[in-house]
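First the structure, in the form of structure tokens, and then the observations on it.
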Amino acid sequence: MNGIMQDIGRGTHRLIAARYTFRRLILAGLTALLADAVGFAVLLIIDIRVIQELAMTASIGMAALIFTNLVLLPVLLSYTGVSARAAQRSLKAELAGEAGDRKPGFWSLLDRFTQRKWAGVTLAVAAALGVAGFAASLHLKIGDLDPGAAELRQDSRYNRDNAFMTASYAASSDIFVAMVKTRPGNARTTPIWSRRMRWSGSCSSSSASNRPIHWPRSRRRCRWA
């Protein structure tokens, strides 16, 4: 947009100005937008569905920007052009920058980073922060670090009950334990064992369960061992 306005301010026809701007920006703009698209596409390797959908949407959006900003916008401006006042204002700003006129404080500060001294200090600080971040990442812990629910206090009723179940029944909040109540002396009878085996088989065939273990099978494994 600025390139077209500056060329029109110099007296170039809007169609020729659009061509000049397209030729100047196509390589740099295409490289920048493709780099952004690839950067978002890298997120696809994360095995989390919502992040993969975000990466796909962002990559498609960046690919659309290549078509709209680099192709459609110059074509549109080649037909519509810009007003003479806007073109002269853009050209005046460019000439003032080339003449070395003082810019506002914020932009003047940003211009300093194009100098070797400021750029070197910036790269050194970035490298130091990168090393510090890598060192901190070596001690990063992810997941539940304490037993029970991390959202609750350790002395909460749920965490105390969970600790009792884990210590007493070899279970946890991730393991479902089913207990069969029978008459005294009937726990080892054939009908009870058969029902346990059938129930374990139905759990094994379900995709919602993972490796069910029942007492008759574990007892037989102990005997065979």
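At-a-glance table
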read-out: Using θ = phi - 60° and Karplus 6.51 cos²θ - 1.76 cosθ + 1.60, couplings along region 127-135 (whole Hz; Gly, Pro as x); value: 5, 5, 5, x, 5, 5, x, 5, 5
read-out: Residue-wise HN-Hα coupling along region 72-83, computed from phi with Karplus coefficients 6.51, -1.76, 1.60 (Hz; x: Gly, Pro); value: 5, 5, x, 5, 4, 6, 5, 8, 8, x, 10, 5
read-out: Peptides 41-48, 18-25, 109-116, 59-66 ordered by average Cβ neighbours within 10 Å, highest first; value: 18-25, 59-66, 41-48, 109-116
read-out: 3J(HN,Hα) from dihedral phi, region 182-197, Karplus parametrisation 6.51/-1.76/1.60, rounded to Hz, x for glycine, proline; value: 10, 6, x, x, 9, 5, 9, 6, 4, x, 5, 5, 5, 5, 4, 5
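Read the figures in this text as sums done on the coordinates, not as results from a lab. Quick caveat, the model's predicted, so the values are computed rather than measured. Don't worry about glycine lacking a Cβ; one is built from the backbone with ideal geometry, like all the others, and counts go over all protein chains shown.
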